[in-house]
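Notes for the one structure printed next.
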Amino acid sequence: GQSGSGGTGGQAGAGGGSGGTPGPTATKWHPGIYVKLEDWQLQSASEMSDVYDELKNTPQLRGIRVTVLWGRYEARDPKTGISKYDFSQLDKILSKLATLNDKHMILSFAWREFKQSNGATNILPNDLQGGAPWNDDPTWAHTKYDHLWAYKMSVQPGAYGYNMKLWNPTLISRVDAFLAALGAHLDGHPHLAVVSTTESAIGAPIIAFQTGESAVKQQEGQLSVIRMLRKHFPTCATIPDLNFSREHVAGVVAILQSEGIGLGSSNSNLANGLNLTTPPYPGVLTYYPALSDKAALAPEIQGDDYNYKNSDDTVPDYPSYQYLYLRVRNDLKANYTVMQRNVPFWKGNATTPSMLKFIQTYPAITGDSTGAGGLNPVKPSNLP
């Protein structure tokens, strides 16, 4: 594939202007409540069948969020250097959504992997998976990949994941080529609404950064990828997942409006760091209200949001589903929200109510004729 530098995030021309002058491409706009699918669910026919049934039986659900693991879709012949792309799984999902009533997809590019096992084989294409065992510290032994760096998921020894080396010129040009191919194939599909990323938090490196490597370089690479998404998917809203560092978030938020980019965050409640008001680098959730109607907003409800409503995560207080919903709707002014199908909260059990049932019955959601599930349906001013 062709490689490039990532562009500047400008609008792509696609006709529509008077007198033959190209105008900005109109952005598809399908705000509302979406469901997050895990990668293992995408590989399970029975799980996908359950999800499609939920979509069919719940008009208030606008669609699904699918995480793209690069290695599943690109394979390169090491002799010829030619890549082959297989997007048939995504085509199949979009074709299924097209048979349902007003259902759409959020596509999220994964630049990190949480799991320590087989992570690289999922998030990198075959020819970029080179590496060697690293055993200098047996407590943190892992594969030292050429194009990934291992980070600590917690202080617990051995709990690690991988980040792409987004400062690496070879890797970043290959990401650009992949996203160009993906965008050329999928951007025009009427049921692909949003392109996104996994969270911006990068964690602490297991092996100290070397010369030319740093958290700042990684964050600069993240911004390059965000701009690639905006460039290669001109008819989709680009809404990256930003949470940490707060300095990095401040830098990206400063350019959102001018480059047609939105703001998403994987959590909407937990962690004091998300809500700090201390200047000059406040928490990401404090930016949302002022960006309402100016940029697409997509705070999510997942993970510990179901367990805690504040930063004190020592004892679960299990916020009500009404609280979680009104938090993203009223406080954060969401256009989109993505809900994780957490057990037991999503379907409920004998002692836990069902979030799905709440979505199907809560008046502010069911009474919204716009399809946005009660969230803000106004298309922001920075999108054509």
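The values are calculated or read from the model by the stated rules, or taken from the named source; none is laboratory data. Just so we're clear, the structure is a prediction, and the values are computed from it rather than from any experiment. Methodologically, a virtual Cβ is constructed for each residue, glycine included, from the backbone with ideal geometry; neighbour enumeration extends over all protein chains shown. With ligands, DNA and RNA removed, areas are computed over all heavy atoms of the protein, side chains included. Shrake-Rupley method; radii C 1.70, N 1.55, O 1.52, S 1.80 Å.
For the pair S369 and A208, the difference between a 0.36 nm per residue extended length and the Cα-Cα distance amounts to 52.7 nm. Counting only whole DSSP H helices of the chain, the ones at least 15 Å long by C-alpha along their axis and with mean Kyte-Doolittle hydropathy no lower than 1.0 are 169-186.
Helix-only mean residue ellipticity at 222 nm, the chain, DSSP H runs n ≥ 4 weighted -39,500 (n - 2.57), per residue, nearest 500. What is it?
Numbers: 11 runs with 105 residues, N = 384.
Theoretical 222 nm ellipticity from helices: -8000 deg cm²/dmol.
At full extension, A75 and V343 could sit 93.0 nm farther apart than now, given 0.36 nm per residue minus the alpha carbon distance.
Test of understanding: what is the full-extension gain from N275 to Q43, defined as 0.36 nm times their sequence separation minus their Cα-Cα distance? It would help to have the intermediate numbers written out before the result.
Working: separation 232, 0.36 × 232 = 83.52 nm, distance 3.57 nm.
Gain in length upon complete extension: 80.0 nm.
Remark: spin-label model distance S173-D127 equals 1.2 nm, labels positioned 7 Å along the Cα→Cβ axis.
Accessible area per residue for the chain is 42 Å², calculated with a 1.4 Å probe on protein heavy atoms, without ligands, DNA or RNA.
Cross-link reach is defined here as a Cα-Cα straight distance under 18 Å, omitting same-chain residues fewer than 8 places apart; for K347 the lysines meeting it are K36, K56, K357.
Indicate, rounded to the nearest 5 percent, the antiparallel portion of the DSSP beta bridges found entirely in the chain. Intermediate results must be reported in sequence, preceding the final value.
Working: 18 of 46 bridges.
Here the share of antiparallel DSSP bridges comes out near 40 percent.
Seen from L69, the other residues with C-beta closer than 12 Å to its C-beta sum to a net charge of -1, counting Lys and Arg as +1 and Asp and Glu as -1. Which residues in segment 343-374 place their backbone N less than 13 Å from a point set 7 Å from the Cα of N101 along the Cα-to-Cβ direction? Residues passing the 13 Å test: 369-371.
Residues whose amide H falls under 5 Å from that of L263, counting only those 5 or more places apart or on a different chain, are A296, L297, A298, with hydrogens built in the peptide plane. Amide hydrogen proximity for G131: with H placed 1.01 Å from N in the peptide plane, the residues at 5 or more positions away or on another chain lying under 5 Å are D146.
Highest mean first, what order results for 173-183, 258-268, 83-93 on Cβ atoms within 10 Å?
Values: 173-183: 21.1, 258-268: 22.7, 83-93: 14.8.
In descending order of packing, they fall as 258-268, 173-183, 83-93.
For the chain, carbon and sulfur atoms together expose 52% of the accessible surface, with a 1.4 angstrom probe and every protein chain in place. Spatially close Lys pairs in segment 103-257, defined by Cα atoms under 17 Å apart and a spacing of eight or more places or different chains, total 7.
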